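This report refers to the structure that appears directly beneath it.
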Amino acid sequence: MSHDHHTMTTSDPHTGHHHPTTTGHQHGGDGGGGGNMHMMHMVFYFGYENVELLFSGLVINSPGEMAGAFVAVFLLAMLYEGLKIARESLLRKSQVSIRYNSMPVPGPNGTTLMETHKTVGQQMISLPHLFQTFLHVIQVVVSYFLMLIFMSYNAYLCIAVAAGAGTGYFFFSWKKAVVVDITEHCH
């Protein structure tokens, strides 16, 4: 595999010196000695030609391929949000050894009220915890994939990440339980 750097010269307006500038690199892995020019973008851009998506062999070169990539990235971002909510739900369902502790607290006019607290634990070596660990690894990998996609600076793909995350949150988190402590007092 050869790496040929394509260079341009730029001149410094203050000194008049010429400096070579690397603009991209050419991959010659197609057997014919040629290859595609791939540029590393450092600003957001709208484009659909020669867009590498996570892997060197996965290159977008047409509007149809970009539309397909947009849908796939959108669904991946939705999956990420759904996975976060599913893990929270599974954690609540798998909690074991629930204990209730009651303690007296002073009430109004010299009365005594009983305040109850719930303590929840989980065993480290258990099937639910191993499953949670597996889901956590998947969640971390998906989150890094989404970060790398966003760092491609392709505006279409960045919009797909943001829209998928927003849509996933909208659909999956609305049933998220809100825990309210009924013993909390307003003063």
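For the stretch 54-76, the set of residues classified as modelled with pLDDT under 90, within 19 Å of the chain's Cα centre (by Cα) and either surrounded by 12 or more Cβ atoms within 10 Å (Cβ to Cβ) or aliphatic (A, V, I, L, M) (or both) consists of 54 only. Based on this model, can you work out whether residue 18 counts as more than 15 Å from residue 153 (Cα to Cα), open to solvent by 70 Å² or more (accessible area, probe 1.4 Å) and modelled with pLDDT under 70? Criteria met by residue 18. Contact map, the stretch 52-77: residues that are over 12 Å from residue 161 (Cβ atoms) and assigned to a loop (DSSP other than H, G, I, E, B) paired with residues that are of a type outside the set (Gly, Ala, Ser) and open to solvent by less than 50 Å² (accessible area, probe 1.4 Å), Cβ distance under 8 Å, separation 6+ or inter-chain. Pairs shown: 54/149; 61/51.
The values are calculated or read from the model by the stated rules, or taken from the named source; none is laboratory data. Values in this document were obtained by computation on a predicted structure and should not be read as measured data. Virtual Cβ from ideal backbone geometry, glycine too; neighbours counted across all protein chains shown. Just the protein is used for accessible areas: all its heavy atoms, side chains included, with ligands, DNA and RNA removed. Shrake-Rupley method; radii C 1.70, N 1.55, O 1.52, S 1.80 Å.
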